[in-house]
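Reading through the structure tokens given below for one structure.
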Amino acid sequence: MAVAVERVQTATGAVTAAKGFVAMGVHAGIRRSKLDLAVVRSTEPAVGAGMFTANRVQAAPVLVSKAHLARAEPQAVVINSGVANAATGKQGELDALATAAEAAALLRLDPDQVLVLSTGVIGAKLPMERLLAGLAEAAGCLSARGGADAAEAILTTDTHPKEAVVSRGGFTVGGMAKGAGMIHPCLATMLAVITTDYPLAAGEVHGFLKRAVNESFNRISVDGECSTNDAVILIANGASAIERSPATDGEFGAALSEVCADLSEQIVADGEGATVLLEIEVSGAASPGEANAIARRIATSPLVKTAAFGRDPNWGRILAAAGSAFCAGGFAQVDVERLSLKMNGVTVFAGGEPSHAKVALEGAVCRIELDLGLGVASARYLASDLTYDYVRINAEYTT
């Protein structure tokens with residue numbers, strides 16, 4: 001199931017929409033029948049960066065990709081679904097290295113120029129013979145039309161591919177992502193590969209990526225669970241050949257943010273079992289950290305999420321969650337006499353008193369607006385409801 005939210009933009013093959021990028025997705029046999037192995041490559045010399053999970057149990061592909069980024073600029077990414085290659089010991093790291101080495105040989109690159117990403121069941125080892133055969137197949141048919149198959153191949157419990165593209169001023173930013181469960185902010189919360197033909201220099205990419213991720217992928221939550229494999233990769237090859245200026249840098253930053261925001265909203269709307277998209281806006285906080293802490297606490301509250309599933313305007317759960325939020329200095333500041341709370345535009349609480357107003361929650365979106373009345377800081381989160389189907393999907397995940 002997925003939340004029926006009207007999309008602002010749709011894309012097919014977005015990861016190859018920018019000039020100089022090719023991709024392909026194939027069925028390598030890691031999964032029973034679905035496409036399960038993707039390759040994305042820049043055909044022009046590129047620079048890149050990545051943001052990875054802050055979970056202290058990090059998958060082998062995360063460790064290998066971080067090491068490769070420290071030594072070289074990425075020119076290609078290999079992603080498999082079905083097996084996370086996490087908690088797999090030394091063999092898991094050797095398998096990730098072997099995947100990068102084989103891709104490098106097939107694509108005539110240095111192994112350090114290849115990043116590897118995996119998603120799926122934790123604790124299972126990669127079927128390397130099948131994976132490497134699939135890698136040879138994918139590498140042999142890379143094309144600018146292969147982006148759609150690549151976006152399909154990285155999915156796990158997702159109900160559909162997630163793609164977004166923005167073109168303006170002579171350049172393009174496009175990307176694909178996967179994610180439906182184990183979604184919660186901790187640097188990055190799913191797998192995403194974003195490509196652009198905008199000209200960036202080595203060392204610049206991480207700054208642009210971090211700003212965009214912090215306002216998008218780091219402001220979403222499906223279930224409060226931080227994965228072992230989370231990664232967001234940005235590769236830029238400059239193939240647009242546009243003349244760069246501070247103005248175009250601003251346009252590029254905005255385009256990158258739009259793509260990240262679009263992909264992150266698609267992830268939440270496709271949350272495992274999700275039927276409601278929660279749009280949470282906290283304003284009037286004493287500090288940005290406190291605004292973020294309160295928005296995050298509301299987004300991850302099982303009681304708020306189950307009320308949304310039942311279309312129950314139980315606003316008391318929202319106030320309780322806000323009052324229990326921790327920030328870096330302890331509890332975030334909340335003064336019940338000064339705050340006001342709206343649900344779907346209807347004020348349900350203000351000045352320390354309930355309004356007794358009727359709230360309709362029949363739709364696919366529930367908007368929560370909490371004004372703390374203490375300052376000017378604000379934060380926004382997206383979250384999904386918590387449903388029977390979420391429990392079923394995760395109760396049966398490996399069985």
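The values are calculated or read from the model by the stated rules, or taken from the named source; none is laboratory data. Just so it is clear, the model here is predicted, and its values are computed rather than measured. Positions of Cβ are generated from backbone atoms using ideal geometry, with glycine treated the same way; all protein chains shown enter the neighbour counts. Heavy atoms of the whole protein, side chains included, go into the accessibility calculation; ligands, DNA and RNA do not. Shrake-Rupley method; radii C 1.70, N 1.55, O 1.52, S 1.80 Å.
Okay, here's what the table says:
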{"read-out": "Shape of region 297-347, Cα gyration tensor, a/c cut at 1.5", "value": "oblate"}
{"read-out": "Unit Cα scatterers, Debye sum, region 129-282: log10 I(q)/I(0) for q = 0.15, 0.18 Å⁻¹", "value": "-0.83, -1.11"}
{"read-out": "Cα centroid separation, region 196-241 to region 303-363 (Å)", "value": "32"}
{"read-out": "Assigned charges on the beta-carbon of Lys, Arg, Asp, Glu; region 244-389 dipole about Cα centre (debye)", "value": "360"}
{"read-out": "Kirkwood-Stokes translational diffusion coefficient of region 258-349, alpha-carbon pairs, 4 °C, 1.567 mPa s, µm²/s", "value": "91"}
{"read-out": "Spherically averaged projected area of region 297-399 from its Cα convex hull (nm²)", "value": "7.8"}
{"read-out": "Protection proxy ranking, peptides 41-52, 24-35, 242-253, average beta carbon neighbours within 10 Å, highest first", "value": "41-52, 24-35, 242-253"}
{"read-out": "Ratio Rg/Rh [Cα only; Rh per Kirkwood] for region 108-165", "value": "0.97"}
{"read-out": "1.4 Å probe accessible area per residue over the chain, in Å²", "value": "39"}
{"read-out": "With every protein chain in place, region 76-190: carbon and sulfur % of accessible area (1.4 Å)", "value": "52"}
{"read-out": "Which of Phe349, Phe326 is most accessible, then next, and so on - probe 1.4 Å", "value": "Phe326, Phe349"}
{"read-out": "Protection proxy ranking of 259-270, 211-222 - average other beta-carbon atoms within 10 Å, highest first", "value": "259-270, 211-222"}
{"read-out": "Accessible-area composition of region 270-399, carbon plus sulfur, in percent [1.4 Å probe]", "value": "54"}
{"read-out": "Translational diffusion of region 1-139, µm² s⁻¹ [Kirkwood Rh, Cα pairs; Stokes-Einstein; 4 °C; 1.567 mPa s]", "value": "83"}
{"read-out": "Part-to-part distance (alpha-carbon centres) for region 74-114 and region 17-72, which is given in Å", "value": "8"}
{"read-out": "Ranked packing of 64-71, 79-86, most packed first, by mean Cβ within 10 Å", "value": "79-86, 64-71"}
